[in-house]
Amino acid sequence: MTNIKEEEKANLIMSLRSMGIISHDVLSALESTPREIFIPKHLSHYAYENRALPIGFNQTISQPYIVALMTEKLSLNSNDIVLEIGTGSGYQTAIISKLVRKVYTIERINPLLVEAKSCFKKLKLTNIVTKTDDGFTGWLNMSPFDKIIITCSLSSVHEDLLFQLKVGGKCIAPIGNNSGKQILKCITISNKREKDNWEDICEVKFVPLIRNN
Ligand code: SAH
């Protein structure tokens with residue numbers, strides 16, 4: 001990697017810090033993950049700008065600030081088993097995989113998953129399990145999970161999905177519709193389910209979750 005890229009990356013990390021990301025572990029995971037390999041070559045000069053970028057098939061790689069924020073809000077532990085719905089480029093998956101025991105990730109567009117898997121291989125990330133599918137109802141066979149992250153917007157989180165979390169587990173998801181307002185929400189599961197805690201984090205803009213029929 002050139003020095004220019006290193007300098008751009010250092011500036012990005014500094015700006016994430018100034019935007020309120022305080023977790024040292026999250027910032028180091030971003031610092032040690034080359035975002036340029038997850039985006040199309042002709043856009044690699046934008047890799048360390050704080051913006052979402054197209055990755056083909058009408059999908060986008062999320063903005064680094066949102067990746068850092070979602071990761072931080074999940075309060076990940078090194079022993080955690082995490083489910084991600086919407087692998088996309090695999091960038092968010094790679095960041096999480098550096099902080100936890102195992103990541104299960106589901107993507108409905110197979111060619112995106114093929115690309116993402118080649119990035120995981122390049123980075124020697126061996127704790128990621130993938131499948132091509134509609135992830136709306138989660139991955140029951142592999143549950144329970146400590147954390148669930150949904151990286152596409154949906155109008156509500158399906159109860160089947162929340163039942164795949166352990167007590168004390170967290171789910172982070174953009175809730176709302178594609179044309180209206182979407183709010184990033186973090187749900188923490190309590191032992192009395194009616195007491196689950198729903199926290200609104202901020203307004204966001206994600207591509208929509210699409211169901212397979
Ligand atoms: N975190 C990713 C964001 C990808 S965009 C990144 O930084 O690259 C959201 C992804 O969700 C898209 O790749 C889209 O294909 C996928 N997606 C949409 N609906 C889905 C569904 N029902 N199941 C699984 N993945 C879905």
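The values are calculated or read from the model by the stated rules, or taken from the named source; none is laboratory data. Predicted, not measured: the structure shown is a model, and the values here were computed from it. Because the Cβ atoms are built from the backbone with ideal geometry, glycine has one as well, and the counts that use them run over all protein chains shown. All accessible areas refer to the heavy atoms of the entire protein, side chains included, with ligands and DNA or RNA removed. Shrake-Rupley method; radii C 1.70, N 1.55, O 1.52, S 1.80 Å.
A few comments on the model shown:
- Between the amide H of Ile61 and those of Leu53, Ile55, distances stay under 5 Å, these residues lying 5 or more places away or on another chain, with hydrogens modeled in the peptide plane.
- Helix-only CD estimate at 222 nm, as mean residue ellipticity for the chain, using -39500 (n - 2.57) per DSSP H run (n ≥ 4): -8000 deg cm²/dmol
- Student exercise, the range 64-204 dipole from Lys, Arg, Asp, Glu Cβ charges, in Debye to nearest 20: 500 debye
- For Lys41, the lysines whose Cα falls under 30 Å of its own Cα, not counting residues fewer than eight places away in the same chain, are Lys5, Lys9, Lys98, Lys102, Lys117, Lys121, Lys122, Lys124, Lys131, Lys205.
- Surface accessible to a 1.4 Å probe, Met19 within the full protein complex, Å²: 90 Å²
- Rolling a 1.4 angstrom probe over the protein heavy atoms with all chains in place gives the chain an accessible area of 49 Å² per residue.
- DSSP-defined antiparallel bridges as percent of all bridges, the chain, nearest 5: 45 percent
- Phi angles of the range 130-144 translate, via the Karplus equation with coefficients 6.51, -1.76, 1.60 and θ = phi - 60°, into HN-Hα couplings of 10, 8, 8, 5, 7, x, 3, 9, x, 9, 3, 4, 9, 6, x Hz per residue; Gly and Pro are given as x.
- Prolate/oblate/rounded label for the range 83-124 (Cα gyration tensor, a/c 1.5): oblate
- Compactness index (Cα Rg / 2.2 N^0.38 Å), the chain: 0.96
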